[in-house]
Amino acid sequence: MQQDVTDTAGEVSTSSLHVICVVDSASEDGGASQTALSTAVELARRGVTVTLFTGLGPVSSLLFGIHNLRVICLNQKHILHNSNRIEAATQGLWNFEAAACLRRVLGSSPRGRTVIHIHTWQKCLSNSVLSEAVASRLPTVITAHGFELACPIGSLFRPDTNAACNLRPMSAACASCNCDPRNYGHKLWRLTRQFIQVRITDPPGAIDAVVVGSRSAGDRLYPYLPKGSQLHVIPPAIEMDAPPSVEPPSDDAPLCFVGRFSKEKGAHLWARAARTLDIPTVFIGDGPMRAELESLCPSARFTGWLPFEEVHRHIRESRGIVFPSICLETYGRTVAEAAALGRGAIVADACAAAELVADGETGFHFRTGNVDSLCDKARQFLSLGTAAHFGAAAFRRYWDDPSTLEMYGNRILTLYNKLLDQRNRVNEV
């Protein structure tokens, strides 16, 4: 049965609590890392003893000088950036150094007061950290920033068909499908990694709870959760204060795309639509499709990856954002950030970000993967006064129930205390 703690923010205890936060990177190199690092800092500032266990450096300046926060960074290589492919393949299946180090950390952690929270592990740390967490018998939480708990590729997306995948993960049909963006040999390696992961997490009670950012992602993941684990919907925090007011966009301001330039993110759909409509647009990000996007929409501006403050500035200076993802997504952080800044959005109707947009009120939904539908909604969005109206409505809707770091911290602490109480009661029997 699906459980939901999104509206739970009562009394939370931080006294004597120890949280071991596990994430591949010690830098804010994506939404998952940003959530993990900012949560670790927020908990430490509340008096929780936090150990941040990471594999990839450098260590973000965000983590310096924080009382109650200990950072362990192994300074290893990302498996995709290791030129020794045999070494990378071995590390990706089982990172022996990470396992040994985490085992020592867990062995010295106080029982009855320690929770393990795992965010990412497939870029560097590997399934070995899952194994150590399960073996420790400490309460363990996994935040599903993608669909790695179900899908060997991690996205439930098929590049060969340009559509969401409807095959049952790890079935014979899944195993025979060549859906890896590299080659089928790499798919076989991913299947091996997934088989190891399932063997670790499948025993009843191995993983206490799985956190997702949206209900639609939870619904999709629920059939594949580790046995006995609870599912909790907790949207990730958006780290900004409410602006005192929102300036309406100018009529010649661009629309923005923010994200990775890859097939599943649908940037190519917006490039075609923007060229067809001949409207100003800004692409913020980078990825393997950049050259194709520049060819599809030569009038667009491409900024590359930017600091979050600069991304927010571009959103404020736009008429809104376009989120054309073909894959399912687990949330839609940039859509929430745009709403917090007073900008509406045009989103694909089949992805999780559609939950963040009231269709016809704070933006539009368009038919996923359909350029004609995207063009139609973009024309309506850009009609006189519509973008300003949607932006103001999105701003009000977001700040009526904001996903602030304080609220996110309350919800996570409520979950930790609940799991500790459950585990301690079982141990007393």
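The values are calculated or read from the model by the stated rules, or taken from the named source; none is laboratory data. This structure is a prediction, so every number in the text was calculated from the model and none was measured. Cβ coordinates were reconstructed from backbone atoms using ideal geometry, including for glycine residues, and neighbour counts include every protein chain displayed. Only protein heavy atoms, including side chains, enter the accessible area calculation; ligands, DNA and RNA are left aside. Shrake-Rupley method; radii C 1.70, N 1.55, O 1.52, S 1.80 Å.
Please work out if residue 49 is of a type in the set (Val, Ile, Thr), modelled with pLDDT of 95 or more and open to solvent by 10 Å² or more (accessible area, probe 1.4 Å).
Against the criterion (of a type in the set (Val, Ile, Thr), modelled with pLDDT of 95 or more and open to solvent by 10 Å² or more (accessible area, probe 1.4 Å)), residue 49 qualifies.
Just to verify a result, which residue in the stretch 190-209, among those that are charged (D, E, K, R) and modelled with pLDDT of 95 or more, is surrounded by the fewest Cβ atoms within 10 Å (Cβ to Cβ)?
Among those residues, the one meeting the criterion is 199.
Taking the stretch 332-380 as the search range and keeping residues that are of a type in the set (Asp, Glu) and out of contact with any strand residue (DSSP E or B) (no Cβ under 7 Å at 6 or more places or on another chain), which one is farthest from residue 391 (Cα to Cα)?
372
Going through the stretch 207-222 one residue at a time, which ones are part of a loop (DSSP other than H, G, I, E, B), of a type in the set (A, V, I, L, M) and either in contact with a Cys (Cβ under 9 Å, 6 or more places away or on another chain) or within 18 Å of residue 31 (Cα to Cα) (or both)?
none
Check whether at least one residue in the stretch 351-359 is modelled with pLDDT of 95 or more, more than 19 Å from the chain's Cα centre (by Cα), open to solvent by less than 40 Å² (accessible area, probe 1.4 Å) and over 30 Å from residue 112 (Cβ atoms), and report yes or no.
yes
Are there any pairs, at least 6 apart or on different chains, whose C-beta atoms fall under 7 Å, with the first in the stretch 293-318 and farther than 25 Å from residue 342 by Cβ and the second open to solvent by 70 Å² or more (accessible area, probe 1.4 Å) and at pLDDT 95 or above, and if so, which?
Close Cβ pairs (under 7 Å, with a partner that is open to solvent by 70 Å² or more (accessible area, probe 1.4 Å) and at pLDDT 95 or above) amount to 296/272; 296/275; 297/275.
Taking the stretch 54-68, which residues are in a loop (DSSP other than H, G, I, E, B), open to solvent by less than 30 Å² (accessible area, probe 1.4 Å) and more than 10 Å from residue 37 (Cα to Cα)?
Correct list: 66 only.
Out of all the residues in the stretch 381-429, which are of a type in the set (Val, Ile, Thr), surrounded by fewer than 20 Cβ atoms within 10 Å (Cβ to Cβ) and in a helix (DSSP H, G or I)?
Of everything in the stretch 381-429, those that are of a type in the set (Val, Ile, Thr), surrounded by fewer than 20 Cβ atoms within 10 Å (Cβ to Cβ) and in a helix (DSSP H, G or I) turn out to be 386, 414, 426.
So, in the stretch 369-380, exactly how many residues are open to solvent by 10 Å² or more (accessible area, probe 1.4 Å) and in contact with a Pro (Cβ under 8 Å, 6 or more places away or on another chain)?
Residues in the stretch 369-380 being open to solvent by 10 Å² or more (accessible area, probe 1.4 Å) and in contact with a Pro (Cβ under 8 Å, 6 or more places away or on another chain): 0 in total.
Return the pairs, sorted by first residue and then second, in which the second residue is at pLDDT 90 or above and of a type in the set (S, T, N, Q), the first residue lies in the stretch 176-189 and is open to solvent by 50 Å² or more (accessible area, probe 1.4 Å), the beta carbons are less than 6 Å apart, and the residues are 6+ apart or on different chains.
184/178
Would a scan of the stretch 223-233 turn up a residue that is over 23 Å from residue 119 (Cα atoms) and at pLDDT below 95?
no
If you check every pair at least six apart or on different chains, which have Cβ atoms under 7 Å apart with a residue in the stretch 162-175 that is at positive phi first and a residue that is assigned to a helix (DSSP H, G or I) and of a type in the set (D, E, K, R) second?
162/263
Hey, any hits in the stretch 313-324 for a residue that's among the acidic types (Asp, Glu) and within 15 Å of residue 388 (Cα to Cα)?
There is at least one residue in the stretch 313-324 that is among the acidic types (Asp, Glu) and within 15 Å of residue 388 (Cα to Cα).
Residues that are closer than 28 Å to residue 233 by Cβ and among the acidic types (Asp, Glu): does the stretch 383-403 have at least one?
yes
Count, please, the residues in the stretch 324-344 that happen to be free of Cβ contacts under 8 Å to residues at least 40 places away in the same chain and open to solvent by 10 Å² or more (accessible area, probe 1.4 Å).
Residues in the stretch 324-344 being free of Cβ contacts under 8 Å to residues at least 40 places away in the same chain and open to solvent by 10 Å² or more (accessible area, probe 1.4 Å): 0 in total.
Looking at (1) more than 30 Å from residue 170 (Cβ to Cβ); (2) surrounded by fewer than 20 Cβ atoms within 10 Å (Cβ to Cβ), can you tell me which one residue 297 breaks?
(2)
Of a type in the set (S, T, N, Q), closer than 23 Å to residue 34 by Cα and touching an Asp or Glu at 6+ places or on another chain (Cβ under 8 Å) - does that describe any residue in the stretch 124-132?
No, there is no match, as no residue in the stretch 124-132 is of a type in the set (S, T, N, Q), closer than 23 Å to residue 34 by Cα and touching an Asp or Glu at 6+ places or on another chain (Cβ under 8 Å).
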